[in-house]
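Below: one structure, written as structure tokens.
The values are calculated or read from the model by the stated rules, or taken from the named source; none is laboratory data. Source: prediction; values computed, not measured. Every residue, glycine as well, gets a Cβ built from its backbone with ideal geometry; the counts of neighbours run over all protein chains shown.
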Amino acid sequence: MEDRYVETVLGRIRLRVGGSGPAMLFWPSLLMDGTLWAAQSAYFVDRYQVIVVDPPGHGGSELLTRGFGFDECAQVIVQIIDALGVDRVHVIGNSWGGMIGGTFAATYPERVGVSVLMNATASPAGRRQKVEFAALTRMAQLLGGIRGPLVKPVLDAFLGPTTFRERPSVVAVVNESVRRVVISSGRRAVSSVVLRRPDQRELFGRIRTRVLVVAGSEDATFPVAEGRVMADAIPGSRFVVLPGAAHLAALECPDEVNALIEEFVAGHS
């Protein structure tokens with residue numbers, strides 16, 4: 001895997017690209033960078049062209065200086081695959097990436113293979129979620145980042161009891177990732193992805209490509225019922241619940257996620 005950089009409507013985006021064959025693009029959750037997909041990269045790179053995205057404002061990508069719309073994120077995917085000379089791509093997204101994967105499939109059907117949308121939603125944020133995330137971002141600004149008393153509520157939003165009990169290495173990875181977030185950029189992403197998130201259920205009803213929706217049984221951010229609403233909005237989608245997974249299933253249950261992706265993509269081929 002090697003670093004590549006692409007100029008997009010949301011700034012310079014860092015990619016990790018490797019392998020050859022059908023293209024797979026991986027977009028992670030808010031507050032996470034492409035390392036979320038380390039196990040998937042290693043598993044698929046010998047058979048596919050793997051494209052791992054540090055999303056706008058995160059990791060090695062350019063910091064955000066403004067908010068954005070989901071249509072712009074879908075445009076970022078187009079600009080990435082255009083820069084790489086890829087006609088069609090399988091999109092695998094977690095949370096923010098799952099939402100954008102649906103936006104991309106609905107808006108650019110001729111550019112997508114299959115979509116695996118994990119730990120995501122098609123619904124706008126409810127009042128409670130807006131209040132909680134607005135309070136967290138205000139506190140993070142005061143503290144200069146996600147640290148101190150803010151770390152636990154963020155970890156609780158991302159990870160479930162099984163991971164806290166049985167996967168200390170996963171807890172450590174997430175802890176380190178959220179602490180690296182530059183809050184001036186991160187708060188713009190939170191505002192766009194959480195506070196101003198659009199209702200995409202009608203848009204997702206236009207999707208005509210194959211979609212797998214994956215929910216985590218312990219996901220406190222987007223519970224199973226919310227994932228099912230998203231799947232119901234997408235004609236012909238398949239819905240799977242992963243036991244013992246919370247909001248970052250690819251990191252928490254990599255073997256199960258790899259198997260799901262492989263089976264779904266192979267079925268398309």
Qualifying residues in the range 35-76 (those that are hydroxyl-bearing (S, T, Y) and under 16 Å from the mean Cα position of the chain (by Cα)) - the one modelled with the lowest pLDDT
T35
Can you tell me which residues in the range 186-219 are of a type outside the set (V, I, T), closer than 24 Å to L260 by Cα and under 16 Å from the mean Cα position of the chain (by Cα)?
L212, A215, G216, D219
Given the conditions (1) under 16 Å from V154 (Cα atoms); (2) buried (at least 21 other Cβ atoms within 10 Å of the Cβ), which single one is not true for V171?
(2)
Which one of these is in contact (Cβ under 8 Å) with a residue 24 or more places away in the chain and closer than 16 Å to T103 by Cβ: R238, R201, R187?
R201
Filter the range 118-133 down to residues that are over 17 Å from F158 (Cα atoms) and part of a helix (DSSP H, G or I) and give me whichever is modelled with the highest pLDDT.
R127
Based on this model, can you work out whether I183 counts as out of contact with any His (no Cβ under 8 Å at 6 or more places or on another chain), among the hydrophobic types (A, V, I, L, M, F, W, C) and buried (at least 22 other Cβ atoms within 10 Å of the Cβ)?
no
Could you list, ordered by first residue, the pairs with Cβ atoms under 6 Å in which the first is in the range 146-172 and more than 16 Å from M32 (Cβ to Cβ) and the second is aromatic (F, W, Y), at least 6 apart or interchain?
none
Can you list residue pairs whose Cβ atoms sit under 8 Å apart, with the first residue in the range 108-124 being free of Cβ contacts under 8 Å to residues at least 40 places away in the same chain and the second being part of a loop (DSSP other than H, G, I, E, B)? Count only pairs 6 or more apart in sequence or on different chains.
E110/R88; R111/D87; R111/R88
Name the residue that is farthest from V112 (Cα to Cα), counting only residues in the range 9-31 that are within 10 Å of the chain's Cα centre (by Cα) and modelled with pLDDT of 95 or more.
S29
